Amino acid sequence: MMVRTAPWLLGIACVMTATAVAGQPPVESAATVPQLHETMIVPASEVIFNVGREEPTNSEQWTAISRAGVTLVEAGKLLMRASPPKDRSTWVALCQQLATAGAAARKAADARNLDAVLQASDRLVLVCETCHARYRNQGLQP
Ligand code: HEC
């Protein structure tokens, strides 16, 4: 196993070194705040917000909600690492709340608990709005 993975790891190491040499940012900070919104936050939150308009009726729909929750958990973690705005501690706390709301949605969907999904959805809206009021509309965005 070690022998098999070693060349693969070496390849990654070479890419990282080459990237560093070229003066590019490291892989961890590749996604910008708008990119994280476009790829993860907006599509995943739409799936969850949609529950308020249309009740899930089959297991595919519940699974989609659960997966959207997982996506938001990960989006929260990635957003935390996006280039730090001026007051970083509040940013991190809001990113954590995004992840928490995503985890609540996932748990609720896995339990097929509609009320709990709706609660997670309300919590999510609040996190989006709180962060936007502070960072997007105040010129503090990273
Ligand atoms: C931790 C802070 C934070 C959270 C949480 C957050 N956003 Fe944002 N959002 C931003 C910032 C900052 C911008 C402005 C980005 C820019 O233009 O550089 C933004 C921009 C947007 C945009 C504009 C389009 C775009 O792609 O940039 C949309 C739409 C949006 N957010 C939706 C949401 C929704 C829906 C949620 C909740 C599910 C959410 N955001 C959660 C910080 C946040």
Problem - Hits in the range 48-60 (condition: surrounded by 20 or more Cβ atoms within 10 Å (Cβ to Cβ) and either under 15 Å from the mean Cα position of the chain (by Cα) or within 12 Å of the ligand (Cβ to nearest atom) (or both)) - result: I48
Exercise for the section: Would you tally the residues in the range 99-138 being at pLDDT below 95 and of a type in the set (D, E, K, R)? Expected result: 2
Practice task
State yes or no: is A116 under 20 Å from M40 (Cβ atoms) and among the small types (G, A, S)?
Solution key: no
Exercise for the section: Output yes when any residue across the range 93-111 is away from the ligand (no atom under 13 Å from the Cβ), surrounded by fewer than 19 Cβ atoms within 10 Å (Cβ to Cβ) and not aliphatic (A, V, I, L, M), and no when none is. Expected result: yes
Practice task
Identify the residue in the range 43-91 that is in contact with a Pro (Cβ under 8 Å, 6 or more places away or on another chain) and part of a loop (DSSP other than H, G, I, E, B) and, among all such residues, is modelled with the highest pLDDT.
Solution key: A82
Handout entry: Subset of the range 85-103 [more than 16 Å from the chain's Cα centre (by Cα) and in contact (Cβ under 8 Å) with a residue 40 or more places away in the chain]
Key = P85, K86, D87, T90
Handout entry: Some residue of the range 61-77 being more than 11 Å from the ligand (Cβ to nearest atom), farther than 21 Å from A31 by Cβ and acidic (D, E)
Key = no
Completion exercise
Exception for R106 within (1) basic (K, R); (2) part of a helix (DSSP H, G or I); (3) in contact (Cβ under 8 Å) with a residue 24 or more places away in the chain; (4) under 22 Å from Y135 (Cβ atoms) falls at (4)
Exercise for the section: Go through (1) within 21 Å of Q96 (Cβ to Cβ); (2) modelled with pLDDT under 95 and name the single condition T39 misses. Expected result: (2)
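The values are calculated or read from the model by the stated rules, or taken from the named source; none is laboratory data. Keep in mind that this is a model prediction, so the values were computed, not measured. Cβ sites come from the backbone with ideal geometry, for glycine too, and all protein chains shown count toward neighbours.
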